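The next block holds one structure in the form of structure tokens; read it before the comments.
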Amino acid sequence: MKKNHRLIVALLFSLLLLLPSCKPEATPENDYLTLSLVEGEHWLHAYGIFMNPPQMAFWLESLDGEYLATIYVTEKTATQGWFGGDPSIRRPSSLPVWAHARGVQEADELYLPTKETPLPDAVTGATPRQGFKVSADRPAELSPGRYVLFAEINHSLDYNDTFTEELEPTNPVDPDSKTLGGQPSVIFRAELEIGGEASAAELILVGHGDTSGATGEIFRDIDGLTTALGIVDSIRIAYTP
């Protein structure tokens with residue numbers, strides 16, 4: 001009986017995960033950025049009995065590579081809200097380029113938010129089950145000019161013939177931080193004029209992140225990536241004055 005009860009609970013939880021998880025966003029009246037993402041064939045990834053959407057971060061940098069602001073980051077990464085609430089789960093390999101660009105090092109020397117130092121609700125949200133559109137006010141500190149928008153997207157445990165289970169990475173800063181293996185995060189980039197007339201740009205794939213999460217380097221060689229290249233179909237950023 002207990003076994004059947006656990007199975008029913010697991011199935012109900014799985015059904016809840018299939019429901020849309022992106023709450024409606026109010027569009028600002030003016031001077032805002034809009035991210036539009038179309039999901040790809042491999043947007044959802046099997047994890048046990050569940051089909052999970054990816055972890056993602058979108059942020060702005062100057063043309064010189066200075067981090068300026070996070071536009072949106074998935075809630076689990078932003079709040080250390082991993083399943084089960086285990087405080088030891090950090091997953092530095094999930095979004096390492098964003099984490100290192102942001103440059104906030106915690107007490108455990110990892111560049112990831114914690115339960116005690118979460119990102120504000122204004123820039124976080126649960127990953128939707130399909131493509132989405134989200135709008136955000138232009139960061140007040142951005143003067144009119146040209147900027148770079150980055151997107152980093154990752155599925156843990158999406159092994160393939162190159163990134164196998166035998167190649168589980170170890171983070172040299174924290175070997176016990178439960179760094180998960182699989183294909184690394186994929187990185188997209190676009191340049192956008194912000195603060196003048198309306199503008200828009202399509203993000204293009206530029207490389208992948210560190211498989212261990214130990215650095216914020218973008219590796220340009222995408223040989224060996226397979227399903228990771230099909231997580232998203234397209235990403236677009238638009239500015240509305």
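The values are calculated or read from the model by the stated rules, or taken from the named source; none is laboratory data. Values in this document were obtained by computation on a predicted structure and should not be read as measured data. Glycine gets a Cβ as well: all are built from the backbone with ideal geometry, and neighbour counts include every protein chain shown.
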* **Any hit, the range 225-235, residues being surrounded by fewer than 19 Cβ atoms within 10 Å (Cβ to Cβ) and under 23 Å from GLY65 (Cβ atoms)** => no
* Structure fact -> ALA140 vs (1) at pLDDT below 90; (2) in contact with a Lys or Arg (Cβ under 9 Å, 6 or more places away or on another chain); (3) under 21 Å from VAL73 (Cα atoms): all pass except (2)
* **Filter result for LEU68 (surrounded by fewer than 20 Cβ atoms within 10 Å (Cβ to Cβ), part of a strand (DSSP E or B) and in contact with an Asp or Glu (Cβ under 8 Å, 6 or more places away or on another chain))** => yes
* **Every residue from the range 72-127 that is among the aliphatic types (A, V, I, L, M) and within 11 Å of the chain's Cα centre (by Cα)** => VAL73, ALA78, LEU95, VAL97, ALA99, ALA126
* So which pairs qualify, if the first residue must be in the range 216-241 and over 22 Å from ALA200 (Cα atoms), the second must be loosely packed, with under 15 Cβ neighbours inside 10 Å, the Cβ gap must be under 6 Å, and the two must be at least 6 apart or on different chains? -> GLY224/THR162; THR226/ASN160; GLY230/GLU41
* **Matching residues, the range 101-125, being under 16 Å from MET56 (Cβ atoms) and in contact (Cβ under 8 Å) with a residue 40 or more places away in the chain** => ALA101, ARG102, LEU119, VAL123, THR124, GLY125
* Answer yes or no as to whether ALA122 is aliphatic (A, V, I, L, M), loosely packed, with under 13 Cβ neighbours inside 10 Å and assigned to a loop (DSSP other than H, G, I, E, B). => no
* Which one is farthest from the chain's Cα centre (by Cα) among residues in the range 143-202 that are surrounded by fewer than 13 Cβ atoms within 10 Å (Cβ to Cβ), modelled with pLDDT of 95 or more and not in a loop (DSSP other than H, G, I, E, B)? -> GLY145
